[in-house]
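This report concerns only the one structure given below.
Any read-out appearing in this document is the output of simple, stated calculations on the displayed coordinates, not a laboratory observation. This structure is a prediction, so every number in the text was calculated from the model and none was measured. No Cβ is skipped: glycine too gets one built from the backbone with ideal geometry, and neighbour counts run over all protein chains shown.
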Amino acid sequence: MSDAPLPPPEPPTQARGPAGAYELDVDITTFLPEGSELGHGAEPPFASAAVHPPTPPTDVAELERIELELAAVDRSLARLDDGTYGRCDACGAAIADDRLSVDPTATSCGAHG
């Protein structure tokens, strides 16, 4: 047995592209689900919304409206806890079920609202 070093490996036979990178001739459609096609500018069918999360609303008026609605829901939940939900703030009368079904955060009866 010889202790001579092994010769260096043969260089790859692929062509080299810009900056010396190897160029591979691969048909990417072989990786797509059956029946899928990529058109010019089309996203691959495996791209998902998780990759591009929706942007949060930036409309200040919309954010203020949502905050007011959440505050009304919080007040209604507190009224449920203290037993006053469904009662008019002004006179204490029961708020009609029809009114509460349209606006569950209503705090006044038909006479006061």
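Data for the structure
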item	result
In nm, spacing of pseudo-spin labels at A71 and D89 (7 Å Cα→C-beta vector)	1.1
Placed amide H near R87: partners under 5 Å, 5+ positions off or other chain	I95
Phi-based couplings in Hz for the stretch 60-66 (Karplus 6.51, -1.76, 1.60; Gly and Pro marked x)	4, 4, 5, 5, 5, 4, 5
